[in-house]
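Down below is the structure, laid out as structure tokens.
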Amino acid sequence: LSEATALVTGGAGFVGGHLARALCERGATVHVLDDCSTGAPERVPDAATLVEGDVRDDAAVREAMAGVDVVFHEAAIVSVERSVDDPEGTHAVNVDATLGVLEAAREVGARVVFASSAAIYGAPKAVPVPEGAPKEPSSPYGLEKLSADHYCRLYADLYGVETVALRYFNVYGPGQRGGPYSGVITKFAEQARAGGPLTVQGDGTQTRDFVHVADVVRANLAAATTDETGTAYNVGTGRAVEIRELAALIRDRVAPGAEIVHGEARAGDIRASVADVSKAREELDFEAETALADGLDDLLA
Ligand code: UD2
């Protein structure tokens, strides 16, 4: 990738910012397209060129795409709640804009690595979830990611665009946004720092697959150079972590005396979500390396 020109859409965001930095470190020429609505310009590495614009705007996408070999399409509205409140608005960003990125990539002959999501599976019938599992998303967000994931495959089949969809499970790490709609790790960390209590929704036996952002970056770099395109890979660790166990891990690191309390389960909450990682291991030669305990030590230090 040292010779490559890469575009990171959403490069001022959480995953995109880490990815843009890793690409710069590897000597790539890096363009970032971001409207900085939820991202922060200070996250964009100094060595990258920031095109401040909306990913729905074809002119901005084309400007950012000039001379690009590979696009990492991370720009999205990642809030499930927002997609429920405003499905047309999130569709425009999560689907229409992805189609625009694919078209622009087709014009310049660039590869597209797309940030898909475990949300496309809805509530899995069985875990771990392989890529071929049924897809019945339970939110507009999940359906939007599924639609964009399919478009990536179709662009490979119909037009020969090299595409890879990476289905992220629960990503965590430094720089993740806080606030009311943040992920559970950020939320528990904020609660523990305030002295507690940590609020588990339901009995806490529901499970998730928490994958560190450094591993998500590595999966993207692997996808940029793999020979296997027109396909999709789960990006997770393959390990199930119970939410009550997570609460205890964070409490013990930040505020050992803090209380863990249980509230109502979240409406429509998914009971179990764990990636089957065998396809990524075999075809992409990717395996997550950061153990949750180490990732939490690093994040909460
Ligand atoms: C994740 C993604 C979401 C979407 C979805 C697809 C994140 C932040 N969200 O939602 O974008 O892709 O997967 O299925 O990655 N919980 C508590 N206490 C709290 C907050 C959460 O117990 O204070 C529980 C919550 O009820 C759930 C679990 O923690 O069982 C994970 O919640 P989350 O919001 O971090 O992530 P998830 O998997 O619902």
So, with +1 on the Cβ of K and R and -1 on the Cβ of D and E, and no other charges, what is the size of the charge dipole of the chain about its Cα centre, to the nearest 20 debye?
-> 640 debye
Which value does Rg/Rh take for the range 198-301 over its C-alpha atoms, Rh per Kirkwood?
-> 1.05
Taking placed amide H atoms and a strict 5 Å upper bound, the residues 5 or more places from L198 or on another chain that come that close are E259, I260, V261
Plugging the Kirkwood radius over Cα pairs into Stokes-Einstein for the range 4-98, at a temperature of 25 °C and a viscosity of 0.890 mPa s, what D comes out in µm²/s?
-> 186 µm²/s
What is the Cα convex hull volume of the chain when expressed per residue in Å³?
-> 119 Å³
Label-point gap, in nm, between E282 and Y181 - each point 7 angstrom along Cα→Cβ = 3.8 nm
Computed over the range 1-151, protein heavy atoms only, probe 1.4 angstrom, the accessible area per residue in square angstrom equals 42 Å²
In sequence order, what are the phi-derived ³J(HN,Hα) couplings for the range 181-193 according to the Karplus relation 6.51 cos²θ - 1.76 cosθ + 1.60 with θ = phi - 60°, rounded to whole Hz, with x for glycine and proline?
-> 9, 7, x, 5, 5, 4, 5, 4, 5, 4, 5, 5, 5
Calculate one ³J(HN,Hα) per residue across the range 211-217 by plugging θ = phi - 60° into the Karplus curve 6.51 cos²θ - 1.76 cosθ + 1.60, and present them in order as whole Hz with x for glycine and proline.
-> 10, 6, 4, 5, 6, 4, 4
Heavy-atom surface of the range 179-247, accessible at 1.4 Å and reported per residue (Å²) | 37 Å²
Taking every C-alpha to C-alpha distance in the range 67-166 and binning by 5 Å from 0, the per-bin percentages run 3, 14, 24, 22, 17, 13, 6, 1, 0
Which net charge results for the neighbourhood of R62, defined as the other residues with beta-carbon distances under 13 angstrom from its beta-carbon, given Lys and Arg at +1 and Asp and Glu at -1?
-> -4
Can you give the extra length, in nm with one decimal, that the chain gains between V108 and E259 once fully stretched, where that is 0.36 nm per residue apart less the Cα-Cα distance?
-> 48.8 nm
Rounded to the nearest 0.05, FRET efficiency between D294 and R26 (Cβ-Cβ, R0 22 Å) equals 0.45
Interchain or sequence-distant (5+) residues whose placed amide H lies within less than 5 Å of the amide H of F286 are R281
How far, in nm, would the chain grow between A66 and D46 when pulled straight, counting 0.36 nm per residue and subtracting the alpha carbon separation?
-> 5.3 nm
Phi-based couplings in Hz for the range 131-136 (Karplus 6.51, -1.76, 1.60; Gly and Pro marked x) | 4, x, 4, x, 10, 10
Could you pull out every residue, at least 5 positions away or on a different chain, whose amide H is within less than 5 Å of the one on A165? Hs are placed 1.01 Å off N in the peptide plane, and Pro or chain starts have none.
-> F114, T231, A232, Y233
Considering only the other residues whose Cβ falls under 10 Å of the Cβ of I243, what net charge follows from Lys and Arg at +1 and Asp and Glu at -1?
-> -2
If you add up the charges near A104, with Lys and Arg at +1 and Asp and Glu at -1, over every other residue whose beta carbon is less than 9 angstrom from its beta carbon, what do you get?
-> -1
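The values are calculated or read from the model by the stated rules, or taken from the named source; none is laboratory data. Note that the structure is predicted; figures quoted are calculated from it, not measured. When we count neighbours, we look across all protein chains shown, and the Cβ atoms used for this are built from the backbone with ideal geometry, even at glycine. Accessible surface is based on the protein model in full, side chains and every heavy atom, while ligands, DNA and RNA are left aside. Shrake-Rupley method; radii C 1.70, N 1.55, O 1.52, S 1.80 Å.
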